[in-house]
Amino acid sequence: MQSYLKSLDPRLPRDVYVLQAGGLLNAFGNGIVLPFLLIYLHNVRGISLGVAGLALAAQSAAALLSGILGGTLSDRLGPKRVLVGALCVITVAFALMPLIHVAWQAFAVYVVWGVGTGSFWPSQSALLAALTPPSRRSPAYALQRLTMNLGAAVGGLTAGLVASVAHPFTFTILFIANCVSCVAYMLVLVRVRTPDLHPERAGGSWRAVARNRTFLLYTGLNAAFMASAISLMIELLPAFGKNVTHVSEREVGVIFALDAIGIVLFQLPVAKLAEGRRRMRGLALMGVVWAASLLAVWAAGAWTTATVAFVVLAAAMLVFAIGECLHGAIHAPLAVDLAPPNLVGRYLALSSLSWQVGWIVGPAAGGFALQHAPLLLWPIAAAVNIACAAGALALERRLPERVRLTPYDVRPEPLVAGSAG
C-alpha cells in the first residue's frame, strides 16, 4: 500500500505546487458561490429559470471573446500577467453581485464576470504548462483538477451551511468570500516565478491555430461534452434538486461538494491508470460514465423526492466525478502536446473556449428545459454523451501517433548495493 501511494506522487517543480496552492484558495471561493448562483437569481431575486439560464449563457459568451484576447496576450506578454489581470476583473464582478435585483443587472454583472473567467482559464493553464516538464504535464493537470476541486468541496460544504433563500444577506457573505479568495490567489502568484517568453512569440497567429483541423475537431468534441454534461451538472443540477426533487440548500451544498470530493479521491489514481493508455479511449469511457450519471439524475427526479432524491443525486455526482478525473488527466495535456511552443497560449485559449461554448449552449437550452420539461433534459443529455463517446473513438485516427498515448513516466529503479561496477 505504501508503495502504491508513493507511486501517485506527481513529482512536480516547486513553483507548480505554489501555483496549485493559490488555485486551492481560489477554488474555495468558487465552491462557495457556484452551486448557488442560479438559486440566487431565481429563488432570491425572482428571475425566471429561463432568463437566469440566459444570464449564465451571456457570461459564457463574454468569456468566449475574452478568451481569444487572453490566449494572445498569454503568448505575447506572459500567462502570469494575464492571470493576475483576470483575477482583478473577477473580483470586481463578484463585488457587484449583491447589487443585482432585476434581470438586466444580472446580465451586466455576469458579462463582467465572463470577461474575467475567459482570460483566467487559458492563462492559468498556459502558466502551468510553462512551469512543468513535458513528461509530467498529465499529473500536473490532474493535480490542478484535484486541488481546485478540493477547494470547491470545502467551499460548497461551507456555502451549504451559510446560504438561505429566506435570508438574502447570506448570499452577500458568499460573494465577499469569493472576492477574498481571488485576492489571496494574486498574493500567492507573487511567489511563482515568471516563465521566459518564447523567442518566436510575435510570429504566432490565430490563423496558424485554425489550420490544425484535428485540434479544431478535438475542441468541438470538448464543447459538446461541456454542453451536455459538466455545464448541466454544475450549473443546473442544484436548481433541479431544489425545485424538482425538493432537496434542501444544505443538501445542495453536499451534492456539489461530493463532485469535488470524488475528484480529490480518484484524480491521482485515475491519472496513474491513464499513463501509457490511449487518450481517446479514455475520453470515450468518460462519455459513457457521464451518460450513466445523467440518467441517474433523471431517475431521481422521476421517482424520488427529498431525502431519497438526495441520496440518488449524491451517488450520481460521485459517479460523474470519475468521468471528470478522466477529463482532467487527458484533455488539457493533449491540447498542450498538439500545440507548437509559441502558440500554447492560443491553443489553450481555444481549448478553454470550448468550455465557454458548452456553458453557453448548456445553461441556455437547459435552463428553458428545466423550466418547461425538467425530466426530459437529462436523458437527452445522456444520449448526446454517448454520441460524443463514439466521436472520440473516431477522432483517434486523426491524431499524430506521438500524442495518442498518455506519456508513461518510467521511474529509475533504486541502485542496489554492490550492483555497481
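The values are calculated or read from the model by the stated rules, or taken from the named source; none is laboratory data. Since this is a predicted model, take the numbers as computed values, not measurements. Heads up, the Cβs are rebuilt from the backbone with ideal geometry, glycines too, and the neighbour counts pull from every protein chain shown. What goes into the accessible areas is simple: the full protein's heavy atoms, side chains included, and nothing from ligands, DNA or RNA. Shrake-Rupley method; radii C 1.70, N 1.55, O 1.52, S 1.80 Å.
Values as computed for the structure displayed
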| item | result |
| --- | --- |
| Residue identified as surrounded by fewer than 21 Cβ atoms within 10 Å (Cβ to Cβ) and either hydrophobic (A, V, I, L, M, F, W, C) or at pLDDT below 90 (or both) among R281, R277 | R277 |
| Residue identified as open to solvent by less than 30 Å² (accessible area, probe 1.4 Å), within 24 Å of the chain's Cα centre (by Cα) and under 24 Å from G262 (Cα atoms) among A159, A129 | A159 |
| Search result, residues across region 35-56 that are open to solvent by less than 10 Å² (accessible area, probe 1.4 Å) and closer than 30 Å to W206 by Cα | A55, L56 |
| Output for region 163-172, where each listed residue is touching a residue at least 24 places away in the same chain (Cβ under 8 Å), in contact with a Ser or Thr (Cβ under 8 Å, 6 or more places away or on another chain) and surrounded by fewer than 24 Cβ atoms within 10 Å (Cβ to Cβ) | S164 |
| Only listed residue being part of a helix (DSSP H, G or I), in contact with a Cys (Cβ under 9 Å, 6 or more places away or on another chain) and not aromatic (F, W, Y), chosen from L313, L283, L348 | L283 |
| Residues satisfying the stated conditions in region 210-244, i.e. of a type outside the set (K, R), open to solvent by 10 Å² or more (accessible area, probe 1.4 Å), at pLDDT 85 or above and out of contact with any Gly (no Cβ under 8 Å at 6 or more places or on another chain) | N212, T214, L216, L217, T219, G220 |
| Residue under evaluation R191, criteria (1) in contact with a helix residue (DSSP H, G or I) (Cβ under 7 Å, 6 or more places away or on another chain); (2) outside any helix (DSSP H, G or I); (3) within 28 Å of D259 (Cα to Cα), criterion not met | (3) |
| Meets criteria (of a type in the set (F, W, Y), in contact with a Ser or Thr (Cβ under 8 Å, 6 or more places away or on another chain) and either farther than 23 Å from S125 by Cα or open to solvent by 20 Å² or more (accessible area, probe 1.4 Å) (or both)) for F266 | no |
| Pair list, Cβ < 6 Å and 6+ apart or interchain, from region 64-92 residues that are open to solvent by 20 Å² or more (accessible area, probe 1.4 Å) to residues that are among the basic types (K, R) | R76/R201 |
| Which numbered condition R11 fails, given (1) touching a helix residue (DSSP H, G or I) at 6+ places or on another chain (Cβ under 7 Å); (2) modelled with pLDDT under 90; (3) on the phi < 0 side of the Ramachandran plot | (3) |
| Flag if V33 is closer than 14 Å to C182 by Cα and assigned to a helix (DSSP H, G or I) | yes |
| Residue list for region 245-260, filter: assigned to a helix (DSSP H, G or I), more than 17 Å from the chain's Cα centre (by Cα) and surrounded by fewer than 24 Cβ atoms within 10 Å (Cβ to Cβ) | E249, R250, E251, V254 |
